[in-house]
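Visitor: Next up is a structure, given as C-alpha cells.
Readers should treat all values here as calculations from the given coordinates under stated rules, not as data from a laboratory. Note that the structure is predicted; figures quoted are calculated from it, not measured. Heads up, the Cβs are rebuilt from the backbone with ideal geometry, glycines too, and the neighbour counts pull from every protein chain shown.
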Amino acid sequence: MARNTSRAEILEGQTIWLTARPLGPDGAVLLRANIDSGELKVYDPKSATPDTPVDTVTLGFSGNPGTGTNCMWTALVTDGYWSVDNIGYSFQFGFTPADFPMAGSKTYRIEVELETTDFHLLPMVWFIKVEERAG
C-alpha cells in the first residue's frame, strides 16, 4: 500500500477536508514551491469498476488551499484541521457535497498524486467512510 494512508469517517452531506504532510524521497517536507502538478481521484471500491475513478480533479498551486482547486501551503500549518502532531501539514484540500456527493453507507478511496520536476511521488491515500444520516 502507498505511504501516507489515512482513514476517516464523516456523515453524509458533510464537507471533507483532507490534510497531509507530503515528504520527498529524502524526507524533506514538500511545500507549494516544490510541486509542479497534482491530481485527486475518487474511487468507489464496491462499484462494478473499482479501479476507475468516479471523480477526478486537477489540483491547483497558484494560491492558498480553500481557493478553487489549490491544495498546497507555502509553509507548514498547525490549526484545528491537524491533530497528528505539532509539526503541521502542507497539503489541504476540501470538497463539499456539491463538488462530489458521497452516498452514505459507503467507503471511498481518495488518491492524491503530486509531481515535482525531480521525482514522482507515490499517492497519498485516504479511505473515507460515509455514514448515512438518520431520519
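Visitor: Where nothing but the Cβ of Lys and Arg (+1) and of Asp and Glu (-1) is charged, how large is the charge dipole of the chain around its Cα centre, in debye to the nearest 20?
Guide: Values: 10 positive and 17 negative charges, 51 e Å.
Approximately 240 debye in magnitude.
Visitor: Taking 4 °C and 1.567 mPa s as the conditions, I'd like the Stokes-Einstein D for the chain in µm²/s, using the Kirkwood hydrodynamic radius from alpha carbon pairs.
Guide: Numbers: Rh = 15.4 Å.
Taking Rh from Cα pairs, D becomes 84 µm²/s.
Visitor: Select from segment 1-73 those trypsin sites (Lys or Arg not before Pro) which occupy a DSSP coil region and have at most 13 other Cβ atoms within 10 Å, ordered by residue number.
Guide: On the way: sites: ARG3, ARG7, ARG32, LYS41, LYS46; in loops: ARG3, LYS46.
Hits after loop and neighbour filter: ARG3, LYS46.
Visitor: OK, next. Only Cα pairs under 8 Å and at least 6 apart count here; give the relative contact order of the chain as a rounded whole percent. List each step's numbers first, then the result.
Guide: On the way: 289 pairs, mean separation 49.8, N = 135.
About 37 percent, as a whole number.
Visitor: Give the aspartates and glutamates reachable from LYS106 as a straight Cα distance under 13 Å; neighbours fewer than 8 places away on the same chain don't count.
Guide: In chain and number order, the partners are GLU9, GLU12, ASP44, GLU131, GLU132.
Visitor: Okay, next question. Which is farthest toward the positive dipole end of the chain among GLY104, LEU40, LEU18, measuring Cα position about the Cα centre, with Cβ charges +1 (Lys, Arg) and -1 (Asp, Glu)?
Guide: The listed residue farthest towards the positive side: GLY104.
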